[in-house]
Every structure is written in C-alpha cells, then in structure tokens.
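Here is the structure we will look at.
Values quoted throughout were computed directly from the atomic coordinates according to the rules given, and no laboratory measurement underlies them. A quick note: this is a predicted structure, and the numbers were derived from the prediction, not measured. In this analysis, Cβ positions are derived from the backbone assuming ideal geometry, glycine residues included, and neighbour counts consider all displayed protein chains.
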Amino acid sequence: MGLIEVADSIKSMEIRGAGLIARSAAEALKQQALDYRGNDLDELRRRLDDGRKALIASRPTAISLWNAVQATMRGSSTVQSAEELRSLVAANADAFVERSSKAVEIIGRIGSKRLRSGMTILTHCNSKAALGVIKAAHAEGKDIRAYATESRPWRQGLLTIKDLSAAGVPTTLIIDSAVRWIMKEVDVVLVGADTICSNGAVINKIGTSQVALAANEARVPFIVCAETYKFSPKTVYGEMVEIEERDASEVMDPRLIPPKVSVRNPVFDATPAEYIDSIVTEIGLISPYAAYEVIVKELGQESIFDIEG
Ligand code: RUB
C-alpha cells in the first residue's frame, strides 16, 4: 500500500484505533522514503513532507498519529544526503513500531495486576491497549468476565467481542445506553485513549465520558490504558484537541432525515482527570495529573516547542 492509500484507509477507518494508525503512519513514511531511489535530497524531503502532511490530515483527533510522524522524521533536518535520510526514516519508523508494540504488551502486564478473579470489567469501543490488559489477566488464569459496549455508530464493540471471545474471555455485549444500568455489576472500567492532554483529560471514543460519569457515580474505578505516545505535547503548548465530526450518513441514511432535522456525528469526547482513577502506560501506572511529566520525560521538552504542522 502506498502512503496515500494508507492515509485514505485511515480516513475511511479501514485502519483504525490510535495505536494502529500511528504504526501504519510510521511504516507508510518508511515506505515512501525507501521507494524514492534518486539522490536528490530536496526532492526526497519534499515527498516526505507531503506524505507527513497527508497522514496527519487523515484523522484530526488522535495525537498518536502526530507523535508517530514526529518520531519517524526526528533528526531529518540535519542529514546531508538522500541515502542518509532514507536510512534515518527507516530506522526511526522501525524503532517506533517496535516500541509501540512492546508498549501494548507491557501495559497488559501492568494493568492485569489490577484485576482479580471474580471481577467484571466494562470496556468501551475497541482499544488494543485495554483489551490487552483483559486478555493478559485471563491468560494468567484469573476468572474474569467482560461487558463490551456496542459503540455506535461504527459498532467497534463487535470487534471487541470477537477479540475477547477468541481469547476465551466470557463477554456480554450491551448497547451504549445500558451502561448506567449495568454499572452496578461492574468492578472496574478499562478504556483506551486517542489523546491525553497535559491537564490529564483523556480523549477517547464518543461516550467514554458518559461511561466515566456512570462509573464515578457508582464508585467504580475508571482506568485508562494508553501508550506514552498518546500523550499530547501540543496541549502543553495550549492547543485544544480537535474533536473529529464524521459524516451524518454513519448515523442514519441521509434520505430518511426528516425536514428541519439535522444529524451530528462527533466521534470522540473528553473525560476530565477528576473521573480517572489511573492511567496504565508502558512506563508504569500513573495518576492523570502526572500527564505533564510524562510528556516532558517521554516525548522530550523539545517536542513541546517544536509543534509545527
Ligand atoms: C478507537 C478508540 C480507541 C482508541 C485507543 O476509535 O477510540 O479506544 O483509539 O485504541 P476509532 P488503541 O475506532 O474511531 O479509531 O488502544 O487500539 O490504540
């Protein structure tokens, strides 16, 4: 798949989930670099810059995508030749993909310590990081079960139940509006993240904040599972996270919308830090209020002041 096809597949959600879109973007930039066989450094820079922009524009909310592109292009402004740039981009992309995949495993190991036999977990949408925790606990022999929300309109919950079923975890599917009713049977909520802001707010699939409210009311711990490249240097710099609104046709057939009626389809929302018990990352289990430190330590002070594009 060429870079533009990858960007299109991210836009159309054939490639989805904040971790996977980040890894796919890094790999697409690597391929773009390797596909250019010439020796013109400026030409290769132009191609990579166009590619970088197309990837970043493909989905606006997940900072994982932006962080992946930054990590892949790191150091590229100082290279002296096209060959050097090709090798640098390829090595950066490989390192990012390896680190990202390892992070999901480590999050599974750390997060599973918070799950005990007899627990019921509720998860929303389809997060590899959150499901990794549930699957790790199950693989360790813990007798746990899960509730998965449907996650309208895309119904990513159907992917979640398939994944948990394949791992052998007893799982029940519920519609999104059943969350508050079911919460009295739930011991812990585990969700993923697309972006974590410097003030500890977590941006994830639409409906996540409602799940957090219901969990808070029922005194059920709400835990976020996220790799450190889901933390946003841009928010330290004061930027607001753009919440993607997708086409209304994903919610209902436009031909059936009655006159005077409009349909909106915001696909992410923000859960404030006060509703979040903890965030499981590959560098450990942290408070949402430690988000700033994670950004500085893991993504580097310079990432905060180098936010072009
Ligand atoms: C997916 C979603 C997931 C996060 C984290 O939204 O909100 O919870 O991306 O996923 P969409 P992961 O389906 O719109 O991409 O843990 O797999 O990175």
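Before moving on, here are some points about what is shown:
- Over the range 121-276, the fraction of Cα-Cα pairs per 10 Å bin, rounded to whole percents and listed from the shortest bin up, is 11, 37, 34, 15, 3, 0.
- Spacing of the two label points (7 Å from each Cα toward its C-beta) at Arg219 and Asp50, in nm: 6.1
- Estimated purely from DSSP H runs of n ≥ 4, each contributing -39500 (n - 2.57), the mean residue ellipticity at 222 nm for the chain is -13500 deg cm²/dmol once divided by its residues.
- Pairwise centroid distance, computed over Cα atoms, of the range 74-138 with the range 167-246, Å: 18
- Magnitude of the charge dipole, the range 224-294, Cβ model with Lys/Arg +1 and Asp/Glu -1, debye to 20: 320
- Among the listed pairs Lys11/Lys113; Lys11/Lys128; Lys11/Lys184, those beyond 27 Å (Cα-Cα): Lys11/Lys113; Lys11/Lys184
- Full-extension gain in nm, Glu293 to Arg109, via 0.36 nm per residue minus C-alpha separation: 64.0 nm
- When the chain is treated as a GNM with alpha-carbon contacts under 10 Å, the residue of Gln210, Gln80, Gln156 showing the greatest mean-square fluctuation is Gln80.
- Distance (nanometres) between label positions extended 7 Å along Cα→Cβ at Lys142 and Lys260: 5.3
- Summing Cβ point charges (Lys, Arg +1; Asp, Glu -1) relative to the Cα centre of the range 107-305 gives a dipole of roughly 580 debye.
- Note on Val251 and Asn199: their simple-model spin labels are 2.6 nm apart, each label 7 Å out from Cα toward Cβ.
- Taking 0.36 nm per residue of separation and subtracting the current Cα-Cα distance, fully stretching the chain between Arg116 and Ala178 would add 19.9 nm.
- DSSP beta bridges in the chain [antiparallel fraction, %, rounded to 5]: 35
- When the chain is treated as a Gaussian network with alpha carbon springs shorter than 10 Å, the biggest mean-square fluctuation among Asp40, Asp176, Asp277 belongs to Asp40.
- Translational diffusion of the chain, µm² s⁻¹ [Kirkwood Rh, Cα pairs; Stokes-Einstein; 10 °C; 1.306 mPa s]: 79
- Compared with the direct C-alpha span, the chain from Ser165 to Ala57 gains 35.4 nm at full extension, assuming 0.36 nm per residue.
- Excluding exposed DSSP-loop trypsin sites (Lys or Arg not before Pro) (at most 13 other C-beta within 10 Å), longest clean stretch of the chain: 117-218
- Packing-based ranking, highest mean first, of 286-293, 220-227 given that Cβ atoms within 10 Å are counted: 220-227, 286-293
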